[in-house]
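The values are calculated or read from the model by the stated rules, or taken from the named source; none is laboratory data. Nothing here was measured: the structure is a model prediction, and the numbers come from that model. Neighbour counts run over all protein chains shown; Cβ positions are idealised from the backbone, glycine included. Note: accessible area is taken over every heavy atom of the protein model, side chains too, but ligands, DNA and RNA are not part of it. Shrake-Rupley method; radii C 1.70, N 1.55, O 1.52, S 1.80 Å.
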Amino acid sequence: MADTAVIERPAEAEPRPAGRPSLPRELGRRFPWAVRYAGWLGPLAVALFAGVLRFWNLGNPQAFVFDETYYPKDAWSLLHQGYEGSWADNANTAILAHPQSIPLNSGWAFVAHPPLGKWVIAIGEAAFGLDPFGWRVMVALLGTLSVLMLARIGRRLFGSTLIGCTAALLMSVDGLQLVMSRTGLLDGVLMFFVLGAFGCLLVDRDRTRERLLAEGVDGDTVRLGLRPWRLAAGVLLGAACSVKWNGAQILAAFGLLTVLWDQAGRRRAGARRPVLSMLRHDAVPAFCSMVLVAAGVYLASWGGWFASSGGYDRHWADTHPGGFLPGPLRSWWQYQTEMWHFNTTLTTPHTYQSNPWSWLVQGRPVSMYWQQVSNGQQGCTASGNCASQILALGTPLLWWTACFALLYSLWAWFFRRDWRSGAVLCAVAAIYLPWFQFQERTIFSFYMVVLVPFLCLAVAQMLGAILGPPDASVRRRAWGGASAGALVLAIMGCFLYFLPLYTAQVIPMTAWQDRMWFTSWI
């Protein structure tokens, strides 16, 4: 991923006749503070828009949506017992009843995912109680903050506030990201940590380049010392692994990405043997900052299990003596092997399971909630009855556009050696491609919520290319801006059309049927 591509900067208007200042310059003269803080005002405005969508009527439906039947109860158990306990068979009904009862037992329960994501959900439950709003609020908050992060990441990656805010706006109107931000599942939490790690590595790259290109620095011998942003990336990637194990392959890919950036930076600083210099000075510190730190975070996420005595397999070592590790660590390792076996061999058929080949085109979205509403109930006035659904469907036009944007990114990386496209493609490959080895497993398309921010970055970069370079003619920029703007508006219109299916709104059955564009969506 060479660094020869020119960083795109916000477009400046061409010179105008005297006495007719351009609109951006006139606005800058009248509102200098807006120009000065545009790098934050734009992202904050988009994040506010995203937050309204994610928090509006968040407690609806008053039900357990899809896998909410597991994670919110596990979170409550962690909060009160330190480990995932067992529940009575009627737990869901009792929790949603008025008055509420919480039939949590002290016995253990086997859980297939690490605990950190459930600890995040537990923060909301501690503040608002064990109800739909309580177990969804933290995921909604992280989903909103992810939009803010993406705007800032896009701004840094492409050198353009406009492109960064466009990427964030696209993610704010993606149906899959909206649904996964409004449900108490783990994948939205995973996405937040992965995106944060990518942003930290991007800042680390820029800070490292500044030091390598400083006057008098020898690219072959300089030692870069402590790199706090890469250390922060290691912490966040450890947190990602502590939510779901597919964070591990992202950790490996991002670790490779950061040392390749180091190699390119040393070459640009004049190193005669940049690969050797990277291996000598950067590889080991990168491994420690990324892999060892991530491993420490992962182990620490199990603190509640270690500190308590009732968790699953907590005393396995007591009945299986041997080995050189302390008993609690051997018991913990046994638990990890059982989780691995479950996660790699699950083949129980499910109505909404799908193959990774169909994910980018949204071939088989997951219906997470469905209720048929009779005429006269819940505001239904349609003679043919109504429907209320939560469908984990990415905004179709956005995802289909992203397929073309990924092709553009491949072209830009391979033929123009654009490091920015390479960074986005690295994330896409790490998140998406490993799932092809589990095509016989019971897997679902909503796992790709982790992919959404990187698809939006790819689309935003392609839109920037459609807009045209700053030195293009006024006519070229006008046509490019109109085309890019029309596509963004079309994506937003597509999102609005499907919004009732993302938020469980009660709509006439005929309106629901109109939105089932393909039989595989039903």
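Quick notes on this one:
- Scoring I163 on the criteria (1) hydrophobic (A, V, I, L, M, F, W, C); (2) farther than 20 Å from A63 by Cβ; (3) open to solvent by 20 Å² or more (accessible area, probe 1.4 Å) leaves a single failure, condition (3).
- The number of residues in the range 484-505 being open to solvent by 50 Å² or more (accessible area, probe 1.4 Å) and more than 22 Å from the chain's Cα centre (by Cα) comes to 4.
- The residues in the range 199-255 that are polar (S, T, N, Q), surrounded by fewer than 19 Cβ atoms within 10 Å (Cβ to Cβ) and not in a loop (DSSP other than H, G, I, E, B) can be counted, and the count is 1.
- Verdict on T510 being farther than 19 Å from A50 by Cα and not in a helix (DSSP H, G or I): no
- I522, sole failed condition from (1) farther than 30 Å from F64 by Cα; (2) modelled with pLDDT under 95: (1)
- Considering (1) within 13 Å of the chain's Cα centre (by Cα); (2) over 20 Å from A248 (Cβ atoms); (3) free of Cβ contacts under 8 Å to residues at least 40 places away in the same chain, the lone condition that V428 does not fulfil carries the number (2).
- Of the helices (runs of 4 or more DSSP H) lying entirely inside the range 45-143, those containing at least 1 residues that are open to solvent by 10 Å² or more (accessible area, probe 1.4 Å) and acidic (D, E) span 71-81.
- Of the residues V424, V428, V449, the single one that is crowded, with 16+ Cβ neighbours inside 10 Å, in contact with a Gly (Cβ under 8 Å, 6 or more places away or on another chain) and assigned to a helix (DSSP H, G or I) is V449.
- Residues located in the range 30-43, provided they are surrounded by fewer than 13 Cβ atoms within 10 Å (Cβ to Cβ), at pLDDT 70 or above and part of a helix (DSSP H, G or I): R30, P32, R36
- Check on W411, aromatic (F, W, Y), surrounded by fewer than 21 Cβ atoms within 10 Å (Cβ to Cβ) and under 21 Å from the mean Cα position of the chain (by Cα): no
- Qualifying positions in the range 473-507 - within 30 Å of V65 (Cα to Cα) and part of a loop (DSSP other than H, G, I, E, B): T503, A504, Q505, V506
For (1) β-branched (V, I, T); (2) surrounded by fewer than 16 Cβ atoms within 10 Å (Cβ to Cβ), each residue gets a yes or a no:
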position: M339; (1), (2): no, no
position: T344; (1), (2): yes, yes
position: W359; (1), (2): no, no
position: N375; (1), (2): no, yes
position: G394; (1), (2): no, no
position: F415; (1), (2): no, yes
